[in-house]
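Right, one structure below, let's go through it.
The values are calculated or read from the model by the stated rules, or taken from the named source; none is laboratory data. Just so you know, these numbers come straight off a predicted model, no measurement behind them. As a convention, Cβ positions derive from the backbone with ideal geometry for all residues, glycine included, and neighbour counts pool all protein chains shown.
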């Protein structure tokens, strides 16, 4: 069964600090992994996408890593801002027909001044 | 390009009524996915449709729920005889093809409240 587990479930940090969110997955056959940011009351917005051969992908202050051997990914946020407060969702795509997306439960990040 | 449009944004229904949620995909996208998000939980897959066809409905409850994506017009998620447990946010995403390599764009969701 395809699964995506994220940790921690929630996280509180001070503005300006860095943080790292984790994602472990068991999805086969693996196609790609995305990190989404979901603000309260909004739909998810894509931050990064990585395929099997990519180890690191950056988008501004967001840097995602992927270890396809251990089936782990991380999302590192540097110099956090209040606007980073949101849920961060790891989504893994399988390379097959039908529904290909498996969603993690998300990490709820709160950045405090 | 207005992105994925969902309406209504908020929908209140009494128990036993019908709820109809609409999703207009991005221009050029013919693949639509519906997800349900319960409070404080992650998104759960419901159904994947391509124009006029249901490709995968493995996440949709067998009773009371149905979905369609007609040749013309938006995709519709229909919930008959709603119950309190149906209260959730329902998100729609679209993509231009079945591979997903071009990404998925999500709408802002419809928040259904059953009273």
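Sort through B:89, B:67, B:93 and tell me the only one that's closer than 24 Å to residue A:35 by Cβ, at pLDDT 95 or above and surrounded by 15 or more Cβ atoms within 10 Å (Cβ to Cβ).
Values: B:67 fails: closer than 24 Å to residue A:35 by Cβ; B:93 fails: at pLDDT 95 or above.
After applying the criteria, what remains is B:89.
Report the residue count in the range B:72-86 for those that are surrounded by fewer than 22 Cβ atoms within 10 Å (Cβ to Cβ) and closer than 22 Å to residue A:102 by Cα.
The total comes to 1.
Would you pick out the residues in the range A:33-42 that are modelled with pLDDT under 90 and either more than 10 Å from chain B (Cβ to nearest Cβ) or crowded, with 21+ Cβ neighbours inside 10 Å (or both)?
Let us first name the residues in the range A:33-42 that are modelled with pLDDT under 90, namely A:40-42.
Hit for the range A:33-42 is A:40, nothing else.
Working only within the range B:1-25, note down all residues that are touching a residue at least 40 places away in the same chain (Cβ under 8 Å), surrounded by fewer than 18 Cβ atoms within 10 Å (Cβ to Cβ) and outside any strand (DSSP E or B).
Hits for the range B:1-25 are B:3, B:8, B:9, B:14, B:15, B:16, B:17, B:18.
For the range B:96-107, which residues satisfy the criterion of being outside any strand (DSSP E or B), within 16 Å of residue A:47 (Cα to Cα) and modelled with pLDDT of 80 or more? Show your work before the answer.
Residues of the range B:96-107 that are outside any strand (DSSP E or B), as a first pass: B:96-104, B:107.
Of the ones still in play, those that are also within 16 Å of residue A:47 (Cα to Cα) are B:100-104, B:107.
Result: B:104, B:107.
Go through the residues of the range A:21-30 one by one and say whether even a single one is under 22 Å from residue B:31 (Cβ atoms) and assigned to a strand (DSSP E or B).
Taking every residue of the range A:21-30 in turn, at least one turns out to be under 22 Å from residue B:31 (Cβ atoms) and assigned to a strand (DSSP E or B).
I'm told residue B:19 meets every condition in (1) within 14 Å of chain A (Cβ to nearest Cβ); (2) within 13 Å of the chain's Cα centre (by Cα) except one. Can you identify the failing condition by its number?
Against the list (1) within 14 Å of chain A (Cβ to nearest Cβ); (2) within 13 Å of the chain's Cα centre (by Cα), residue B:19 comes up short only on (1).
The rows are residues; the columns are (1) within 13 Å of another protein chain (Cβ to nearest Cβ); (2) touching a strand residue (DSSP E or B) at 6+ places or on another chain (Cβ under 7 Å).
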{"site": "B:41", "(1), (2)": "yes, no"}
{"site": "B:44", "(1), (2)": "yes, yes"}
{"site": "B:50", "(1), (2)": "yes, yes"}
{"site": "B:56", "(1), (2)": "yes, yes"}
{"site": "B:62", "(1), (2)": "no, no"}
{"site": "B:87", "(1), (2)": "no, yes"}
{"site": "B:92", "(1), (2)": "yes, yes"}
{"site": "B:102", "(1), (2)": "yes, yes"}
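Output yes when any residue across the range A:59-68 is under 21 Å from residue B:56 (Cβ atoms), within 14 Å of chain B (Cβ to nearest Cβ) and without any contact (Cβ under 8 Å) to a residue 60 or more places away in the chain, and no when none is. Step through it out loud before you land on a result.
Narrowing the range A:59-68 to residues under 21 Å from residue B:56 (Cβ atoms): none.
No: the range A:59-68 contains no residue that is under 21 Å from residue B:56 (Cβ atoms), within 14 Å of chain B (Cβ to nearest Cβ) and without any contact (Cβ under 8 Å) to a residue 60 or more places away in the chain.
So, residue B:36, is that one surrounded by 17 or more Cβ atoms within 10 Å (Cβ to Cβ) and either within 14 Å of another protein chain (Cβ to nearest Cβ) or more than 27 Å from residue A:108 (Cα to Cα) (or both) or not?
Details: surrounded by 17 or more Cβ atoms within 10 Å (Cβ to Cβ): yes; either within 14 Å of another protein chain (Cβ to nearest Cβ) or more than 27 Å from residue A:108 (Cα to Cα) (or both): yes.
For residue B:36, the condition - surrounded by 17 or more Cβ atoms within 10 Å (Cβ to Cβ) and either within 14 Å of another protein chain (Cβ to nearest Cβ) or more than 27 Å from residue A:108 (Cα to Cα) (or both) - is met.
Enumerate the pairs (first residue in the range A:70-82 and within 16 Å of residue A:52 (Cα to Cα); second residue anywhere and at pLDDT below 95 and surrounded by fewer than 15 Cβ atoms within 10 Å (Cβ to Cβ)) with beta-carbon separation below 7 Å, excluding pairs fewer than 6 apart on the same chain, so at least 6 apart or on different chains.
Here the result reads A:71/A:26, each pair linking the range A:70-82 to a residue that is at pLDDT below 95 and surrounded by fewer than 15 Cβ atoms within 10 Å (Cβ to Cβ).
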